[in-house]
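First the structure, in the form of structure tokens, and then the observations on it.
Bear in mind these aren't lab numbers, they're just calculated from the coordinates by the rules spelled out. Everything numeric here is computed off the predicted structure, so don't read it as measured data. Reconstructed Cβ throughout: ideal geometry from the backbone, glycine too, with neighbour counts over all protein chains shown.
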Amino acid sequence: MPPIVRRATGMGADGSANGFRLPRPGVTDVRPSPPPGTAAEELLSEDALLDLSLDLAGHDVADTLAALDGELIGLAKVKQRVREIAALLLIDRARRRFGLEASRPTMHMSFTGGPGTGKTTVALRMAQMLHALGYIRKPKVHTVTRDDLVGQFIGHTAPKTKEAIAKAAGGVLFIDEAYYLFRPENERDYGQEVIEILLQEMENERASLVVIFAGYPDRMDRFFSANPGLSSRVAHHLEFSDYTHAELLGIAELMVAEQNFRFDAAAHAAFAQYLTVRMRRPRFSNARSVRNAIDRCRLRQAARLVAAARPLSRDDLITLCDRDVFGSSVFAEPEPEVLASPCRTD
């Protein structure tokens, strides 16, 4: 990938970075600096033509987007926004080749959605994409929660927050359940101190840090409405909708295949019925609940095969039957149509 030229901002007369600077454990300066001897790219003439398909970063982005499509079913609006962000940064790279300087696009984000809707997976792919396009130095995501940032006593919060930012430097800081940072009912809560530090970092360290806030939609709305300065610094709000029944069944099929198992026809129908029942139950967590259900199906399959006390074929070892599904506690009071057919045991 050709070197990327960035315009230096916020520099003092002596060439040192000014603005808000946090002392961080083991980190003296997290701003990107070009390798010794790296020359700036030659500017193109005004009448030149630039073929975006020749940008190697664009190929890396295409691979990342393809991986995202392969990993996550549905989420059409999220994937569309990711593609738009990729296009923005590709065009920004092209503009720099012609000397068309502009303000650095802000990449701080908010991911709102229920549990198990793919927020962490998208964050990981986003980091890879931003790295490929030269926006961040490292394709890494450092995930934290309130407990990693907020201290228990005076003077404890700032060091914890600085340490988390230092670990994320050059990459993405992913704050899960971010709304727990704001507790207005507790005047002595230190979460507001974290928010104040983040506000300064997000504005002054955009060259070295991308922050993603994640959480449930209703709570995140209240979180941002109570912190207008924070909301104004978040340019991209991505909404992760709950999966439909058909999408969850497709996710189950992918997960089963990835683990070298398969549903037989009866098990496939049984799992579809399981989803119908489970989606109405409390604490349903989309793809996370699907993964847990498949793990329990494997437990019941293993117990069934061991109890059979006979030689096992490869087909036996990879096949999940309807009995493995109907053993779930969601069928504790089965209706006649959910009674499992006997699996082969001889």
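Of the residues Leu312, Leu89, the one with the fewest other Cβ atoms within 10 Å heads the list, and the complete ranking is Leu312, Leu89. Exposure proxy for Asp92, Asp51: other Cβ atoms within 10 Å of each Cβ, ordered fewest to most, give Asp51, Asp92. In percent, rounded to a whole number, the relative contact order of region 52-240 is 29, using alpha-carbon pairs under 8 Å and six or more apart.
Placing a label point 7 Å from the Cα of Thr244 along the Cα-to-Cβ direction, the residues of region 258-299 with a backbone N closer than 17 Å are 272-273, 275-276, 279, 286-287. If you bin all the Cα-Cα distances of region 118-234 at 10 Å, starting from zero, the percentages per bin are 14, 46, 34, 6, 0.
Full extension of the chain between Leu43 and Ala309 yields a length gain of 88.4 nm, computed as 0.36 nm times the residue separation minus the alpha carbon distance.
When the GluC sites (Glu not before Pro) in region 197-230 are filtered for DSSP coil states and for at most 11 other beta-carbon atoms within 10 Å of their beta-carbon, no site remains. Phi angles across region 108-118 convert, under the Karplus curve 6.51 cos²θ - 1.76 cosθ + 1.60 with θ = phi - 60°, into 3J(HN,Hα) values of 5, 9, 10, 10, 10, x, x, x, x, 9, x Hz, Gly and Pro given as x. Using only alpha carbons, region 294-335 has a radius of gyration to Kirkwood radius ratio (Rg to Rh) of 1.02.
Sparsely packed loop sites in region 58-150 (the GluC sites (Glu not before Pro) outside DSSP H, G, I, E and B with at most 14 other Cβ atoms within 10 Å) comprise Glu101. Computed over every Cα-Cα pair of region 245-338 and binned at 5 Å starting from 0, the pair-distance distribution P(r) comes out as 2, 13, 26, 25, 18, 9, 4, 1, 0 percent.
Loop-located trypsin sites (Lys or Arg not before Pro) in region 228-316 (DSSP state not H, G, I, E or B) with no more than 12 neighbouring Cβ atoms inside 10 Å: Arg280, Arg283. What does the charge count around Pro139 come to, taking other residues whose C-beta lies under 13 Å from its C-beta (Lys +1, Arg +1, Asp -1, Glu -1)? So the surrounding residues net to +2. With the gyration tensor restricted to C-alpha atoms of region 166-277, the semi-axes of the equivalent ellipsoid amount to 40, 18, 12 Å, longest first.
Computed from the C-beta positions of Arg288 and Gln152, the FRET efficiency with R₀ = 30 Å rounds to 0.50. With both labels modelled 7 Å from their Cα along Cα-to-Cβ, the Lys138 to Ala332 distance reads 4.7 nm. Each label point was placed 7 Å from the Cα along the Cα-to-Cβ direction; for Arg188 and His237 their separation is 3.5 nm.
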